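What follows is one structure encoded as structure tokens, with my remarks underneath.
The values are calculated or read from the model by the stated rules, or taken from the named source; none is laboratory data. Fair warning: this is a prediction, and the values are worked out from it, not measured in the lab. Cβ sites come from the backbone with ideal geometry, for glycine too, and all protein chains shown count toward neighbours.
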Ligand SMILES: [Zn+2]
């Protein structure tokens, strides 16, 4: 069984489609699941390759997909430096102790 998907509309100004990561292979894709038992906000990104091989019951919930994206996210140096790494709180910065 395959998973029904639909293509995200391209941005009328930039002619670009926003690309999310497929819920299986994490490749960037403009395709989203079109599962009839899910509302629009509960669909997840799924590329045509994976959709052709997966069953609807294989599709993770939106919450599970977001969580796995958070876990897999490799923060940039900028995110780490600014304490914006979602997975880890910034390390405490303490003053250097002067030797007596
Ligand atoms: Zn995929």
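Tabulated data
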{"quantity": "Matching residues in segment 39-70 - criterion: being in contact with a helix residue (DSSP H, G or I) (Cβ under 8 Å, 6 or more places away or on another chain) and either assigned to a helix (DSSP H, G or I) or more than 12 Å from the ligand (Cβ to nearest atom) (or both)", "calculated": "41, 42, 43, 60, 61, 62"}
{"quantity": "Segment 2-32, subset within 16 Å of the ligand (Cβ to nearest atom) and more than 14 Å from the chain's Cα centre (by Cα), residue modelled with the lowest pLDDT", "calculated": "17"}
{"quantity": "Lone qualifier among 67, 53, 26 - being surrounded by 11 or more Cβ atoms within 10 Å (Cβ to Cβ) and on the phi > 0 side of the Ramachandran plot", "calculated": "26"}
